[in-house]
Protein chains: 2
Amino acid sequence: MRFVLASASPARLKTLRSAGVAPEVMVSGLDEDEITAPSPADLVQALAIAKAAAVATELSMADSGDVAGDVLVLGCDSLLEFRGEALGKPANAEEAVARWKQLRGRGGMLHTGHTLMLLRNSEIVDAKTKLASTEVRFGYPSDDEIDAYVATGEPLQVAGAFTIDGHGGWFVDRIIGDHHNVVGLSLPVLRTMLIELGLGIADLPAVST
Amino acid sequence: MRFVLASASPARLKTLRSAGVAPEVMVSGLDEDEITAPSPADLVQALAIAKAAAVATELSMADSGDVAGDVLVLGCDSLLEFRGEALGKPANAEEAVARWKQLRGRGGMLHTGHTLMLLRNSEIVDAKTKLASTEVRFGYPSDDEIDAYVATGEPLQVAGAFTIDGHGGWFVDRIIGDHHNVVGLSLPVLRTMLIELGLGIADLPAVST
């Protein structure tokens, strides 16, 4: 079974590999700004579907029809909902600093949309989409600590401008939910989708040891 | 400022290093079975104190008195409280499998005791001890999934026979609290102890980049 991760996120790839799974990576040329939805929770699901569908289409076009095997495509998208707003990646260091001055001492909800598509002979034969939401409670870093954190570059790469692993770990006091979901991919959600497709973790390509 | 981690745990070292801190590692020859306490939460704190004190004593003995600098020593100990019992590392693969058949679908509380001691001229001049407790809700792996997970060897190395990172991530549905605490070291707790000692993250030796 081929397994394709439709995401450029190194954190998602690392999560899968640490859990024993070696996906292929294909990044869709999707224009994310084209997609809108009534809420952050709806939006991450719409984007997860769009990313998976874009890569599934590319796979189908590349395939001349004589590839008989099954292919799983996983699309994911994450956003931090904070005071009703959806926060993606900060544009630059100044924005990351300004955001942290708002986030500190407060809480947000990290939403990740997950879409798992099953392709058979280049046709999408099944697809599941699931949302996972994890509540995040931020600590209260000082201005100096925020500057030092942003200077690491980590907050510039991620939705909501915070990392739960790495240097951001000092400033996330508490979460309620799946911590891998905060990184961008809930493993229990992926496992549930696999089971719903009649598959299991053991069907995914294993990291070679 | 020297910073000594009084623990052999690779997960604790990795947590600190990912957060930008490069500790020295010194493992005490402490006989943990000698130490008892009325509850798992009390026990991890007693063990954290004992580990830090044992390493502080070794440092003082090694020091002939002419080392003027400050040294911070961090001791940690973790246990999973499950149905009133304290679970440490499983003795072998069979025990890990048996435990998982009890844990699945249920929840436990992962306690980590943290002690931070400040040595000045070989004397302990200040010490803080703090407990962090994170609720963990387990998924329901099948018997085959449990066998495959235990075969990775991961559950044999850790308190409670589960890893939240790595292969165990599939089977931890939800936590309430700090996820680094589950790995064995709460960064927000360490930061609070530093601040209480009049110090900060920036006083710790940084990972060289």
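Computed from the coordinates by the stated procedures, all read-outs in this text should not be read as laboratory data. Fair warning: this is a prediction, and the values are worked out from it, not measured in the lab. FYI the Cβ positions are ideal-geometry reconstructions off the backbone, even for glycines, and counts take in every protein chain you see.
Counted as membrane-span-like here are DSSP H helices of chain B whose alpha-carbon atoms extend 18 Å or more along the helix's own axis and whose Kyte-Doolittle mean is 0.5 or above; these are B:40-62.
Note on the stretch B:156-209 and the stretch A:1-40: Cα centroid distance 26 Å, given to the nearest whole angstrom. A Förster distance of 25 Å, applied to the separation of the beta-carbon atoms of B:Ile35 and B:Glu196, puts the FRET efficiency at 0.55. Note on A:Arg2 and A:Thr152: the model spin-label points, each 7 Å out from Cα along the C-beta direction, lie 3.7 nm apart. Mean projection of the Cα convex hull over all viewing directions, computed for the stretch A:2-203: 11.1 nm².
Nearest-5 percent of antiparallel DSSP beta bridges in the stretch A:1-132? In the stretch A:1-132, DSSP labels about 80 percent of beta bridges as antiparallel.
Estimated purely from DSSP H runs of n ≥ 4, each contributing -39500 (n - 2.57), the mean residue ellipticity at 222 nm for the protein assembly as shown is -9500 deg cm²/dmol once divided by its residues. When its C-alpha radius of gyration is set against 2.2 N^0.38 Å (N residues), the stretch A:112-209 gives a value of 1.40. Considering only alpha-carbon pairs that sit under 8 angstrom and 6 or more positions apart, the relative contact order computed for the stretch B:91-209 is 28 percent. With contacts taken as Cα pairs under 8 Å and at least 6 residues apart, chain A reaches a relative contact order of 24 percent.
For the stretch B:2-203, the number of Lys pairs with C-alpha atoms closer than 28 Å, counting only pairs eight or more positions apart or on separate chains, is 10.
A straight chain from A:Arg106 to A:Lys89 at 0.36 nm per residue would run longer than the Cα-Cα distance by 4.3 nm. Remark: the stretch B:40-132 carries a charge dipole of roughly 680 debye about the Cα centre, counting +1 on each Lys and Arg Cβ and -1 on each Asp and Glu Cβ. Taking every DSSP bridge with both residues inside the protein assembly as shown, close to 85 percent are antiparallel. Which of the listed residues, B:Phe3, B:Ile176, B:Thr129, is farthest toward the dipole's positive end in the stretch B:2-203, when Lys, Arg count +1 and Asp, Glu count -1 at the beta-carbon? Looking along the dipole axis, the top candidate is B:Ile176. Charges were assigned to the Cβ only: +1 to each Lys and Arg, -1 to each Asp and Glu. The resulting dipole of the protein assembly as shown about its Cα centre is roughly 440 debye.
The translational diffusion coefficient of the protein assembly as shown, from Stokes-Einstein at 10 °C and 1.306 mPa s with a Kirkwood hydrodynamic radius over alpha carbon pairs, comes to 70 µm²/s.
Over the stretch B:72-151, Cα pairs under 8 Å with separation of 6+ residues give a relative contact order of 35 percent. Shape analysis of the stretch B:1-84 yields a ratio of the Cα radius of gyration to the Kirkwood radius, Rg/Rh, of 1.02. Each Lys and Arg Cβ is given +1 and each Asp and Glu Cβ -1; about its Cα centre, the stretch A:2-203 then shows a dipole of about 560 debye. Seen from B:Leu118, the other residues with C-beta closer than 10 Å to its C-beta sum to a net charge of -1, counting Lys and Arg as +1 and Asp and Glu as -1. Each of B:Glu123 and A:Ala62 was given a label point 7 Å from its Cα along the Cα-to-Cβ line. The distance between the two points is 6.9 nm.
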